[in-house]
Amino acid sequence: MSLKPSTWFRKIGDTPIIPLSFKIMSAFVVLILISTFATNYLNLVLNQREIVKKTNELLVKELKDIYSFASNQFEILQFSGDRAGAIDSITTNAARDIKSAHGTAFGLSADGSFVFIASGGESFKTFPDAKALDDLNSARLAGDAEGSFRFNGPGGEYFAVYKYLDKWGCFVVRAELFKEMLASTNAIFRSITIIILVLVVFFLVVGVVCINHILRFLKHFADSMLAMQEGQRLDLIDLKGAPNDDVAYLGASFNALSATINNLLLIFRKFVTQDVVERAYQEHNIRLEGRQMELAILFSDIRGFTYMTETLGNDIIDLLNVHYDRAIKCVHDESGIVGSIIGDAVLAVYGTLRGTKNKAINALVSAYEIQEVTASLRSQMKLRRSEIEKTRPLTESEERVFKAVLIDVGVGIDGGKVFYGNIGSVDRMTNTVIGDNVNSSSRLEGLTRIYSVPIIVSEYIKNEVMRDTDRYIFAEIDMVQVKGKTEGKRIYYPLDTKTVDPGLIEKFRVFGLGLEQYYAGDWDAARGHFQACGLEFCSVFFDRIGTTKTAPEGWRGIWTMTSK
């Protein structure tokens, strides 16, 4: 059995956790010790009283013998006149019955002097207790010539019996030292105490082993709950091998409750963002509150959604669920949260979760992954079409359906300071993100349709990404003033150097030369580079500049958008 403190005594915060088995055994041991020692002490007191009583009877008997012998010696003294010889005889006779080291017998005069004294060891020079002598004299004057009393001597307190002998004019006393009278019972008590302590320690160890075995599942139960608390999760407790007792029933009840709560949490997680779930778990409350944060915002929208809805009808829901199941996973895999799903659009936020290193990189990786899973879904649809066409051509309605399920999405990403938090009322609230950069990400997504690129990001995202990685090349596309804004904004198409065709990088390099001339107002030179690069979206610039060689007066290089 291990009694290591690290496994027996743990802490939750600053609060020590004491094992239940230890509490039970401690209470049991304390009660047993109190009961045992109280019983033995009571037995000791009763035995000592009995010993005092028996000793008193024995001393009285011996006192009578000494008293009778001293009376006889006084008679002999009347004839012999040998006082010293008579006293020696009395002393010798009295010493014969004294067995203990501090036992004594003596004749005590009223003034405290000894007529005779016999002892098992050292004898008194003078009577040591004046108060006791005064009590004896007072008792004799009151007519009480015999009895028992106590007096203090060099070795401690003495118990004595006495009888006044008129012939010798003294108190004949037989006394024994108290601690010698009770020495045997005290020794027995000490021996019993040692035996009790040894037995208690032995049975304590045995009891701990038995209690731990009986409550073994309770420890497993406590360890499992502590692990859940530290991991901030709810799991089912393994009931394999659990005894059929109340503790096992408690574990089964906890598992039932845990399953219910986990189910509610699962539903809760599906309707609220992950950071709100974590805060609710830690603080056990959700408040109407918000704060300004610097976040990255991703906005993804399905192109041609109106056509898809008209063609697929109610089946559009199934198609959206297939798409969102993959797209949302791309967001969550990069520490993003889905702020809202509005029909065919997804708004995702990056930077709210703990441990996020670079929110802009996370958002950009998600954007590429969304494009990849969407392309994969289109490939599956095309493969399905080719399988059907091996047996028969598609009907007109099937052609429409096929065109409708070829999901294509645009992604816009912007970032900066926004308001993030919970709004609403105490009865109904929602988590939201508010700010110009949120609207801007939606506008950037709209521009992907105009420029025919899958992803467009702001200069803020470009700078954030390039700060920590050189994996992406940001090709500047244009400087636009979106509807509702008064200033122009540079927009970029991010190229992943790990997957992009080097030829496309060269095309964007040539396009960049033309873009510089376009900003400078030399539209004729810009037109030549736009034609040379061969990029599809250059048609946007051709429509703007037409055949004009130079920009109009007041040109700032900013194109004002007239629609969202």
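The values are calculated or read from the model by the stated rules, or taken from the named source; none is laboratory data. Remember, predicted model here, so these are calculated numbers, not experimental data. Heads up, the Cβs are rebuilt from the backbone with ideal geometry, glycines too, and the neighbour counts pull from every protein chain shown.
Here are some notes:
- Residue among Ile461, Ile407, Ile413, Ile456 that alone is in the same structural domain as Ala296 (by TED's automatic domain parsing), under 27 Å from Lys359 (Cα atoms), crowded, with 19+ Cβ neighbours inside 10 Å and touching a His at 6+ places or on another chain (Cβ under 7 Å): Ile407
- Filter result for the condition that a residue is over 21 Å from Asn186 (Cβ atoms) and in a helix (DSSP H, G or I), over Tyr67, Tyr41: Tyr67
- Flag for Ile211 being at pLDDT below 80 and within 49 Å of the chain's Cα centre (by Cα): yes
- Scoring Ile477 on the criteria (1) surrounded by fewer than 19 Cβ atoms within 10 Å (Cβ to Cβ); (2) of a type in the set (Val, Ile, Thr); (3) closer than 27 Å to Gly554 by Cα leaves a single failure, condition (1).
For every residue, the table says whether it meets (1) closer than 18 Å to Leu320 by Cβ; (2) modelled with pLDDT under 85; (3) in contact with a helix residue (DSSP H, G or I) (Cβ under 7 Å, 6 or more places away or on another chain); (4) of a type in the set (Asp, Glu).
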site: Gln371; (1), (2), (3), (4): yes, no, no, no
site: Leu383; (1), (2), (3), (4): no, no, no, no
site: Leu394; (1), (2), (3), (4): no, yes, yes, no
site: Leu406; (1), (2), (3), (4): yes, yes, yes, no
site: Gly412; (1), (2), (3), (4): no, no, yes, no
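- For the range 542-558, taking the residues that are part of a helix (DSSP H, G or I) and not β-branched (Val, Ile, Thr), the one that is nearest to Val482 (Cα to Cα) is identified as Arg544.
- Odd one out for Leu504, checked against (1) out of contact with any Leu (no Cβ under 8 Å at 6 or more places or on another chain); (2) of a type outside the set (D, E, K, R); (3) outside the structural domain of Gly412 (by TED's automatic domain parsing): (1)
- Selection status of Glu516, in the same structural domain as Asp408 (by TED's automatic domain parsing), surrounded by 14 or more Cβ atoms within 10 Å (Cβ to Cβ) and either basic (Lys, Arg) or without any contact (Cβ under 8 Å) to a residue 40 or more places away in the chain (or both): no
- Residue list for the range 453-486, filter: in a loop (DSSP other than H, G, I, E, B), touching a residue at least 40 places away in the same chain (Cβ under 8 Å) and either over 16 Å from Gly412 (Cβ atoms) or touching a Leu at 6+ places or on another chain (Cβ under 6 Å) (or both): Thr469
- Looking only at the range 538-558, and only at residues there that are aromatic (Phe, Trp, Tyr) and surrounded by fewer than 17 Cβ atoms within 10 Å (Cβ to Cβ), the one that is nearest to Asn439 (Cα to Cα): Trp555
- Unique residue being farther than 15 Å from Phe171 by Cβ and among the hydrophobic types (A, V, I, L, M, F, W, C) when the list is Ala130, Ala110, Ala101, Ala94: Ala101
- Any hit, the range 354-374, residues being within 31 Å of the chain's Cα centre (by Cα), touching a residue at least 40 places away in the same chain (Cβ under 8 Å) and in a strand (DSSP E or B): no
- Qualifying residue in the range 388-400 (condition: hydroxyl-bearing (Ser, Thr, Tyr) and closer than 24 Å to Lys462 by Cα): no
- Complete set of residues in the range 383-408 that are outside any loop (DSSP other than H, G, I, E, B) and of a type in the set (A, V, I, L, M): Leu383, Ile388, Val401, Ala404, Val405
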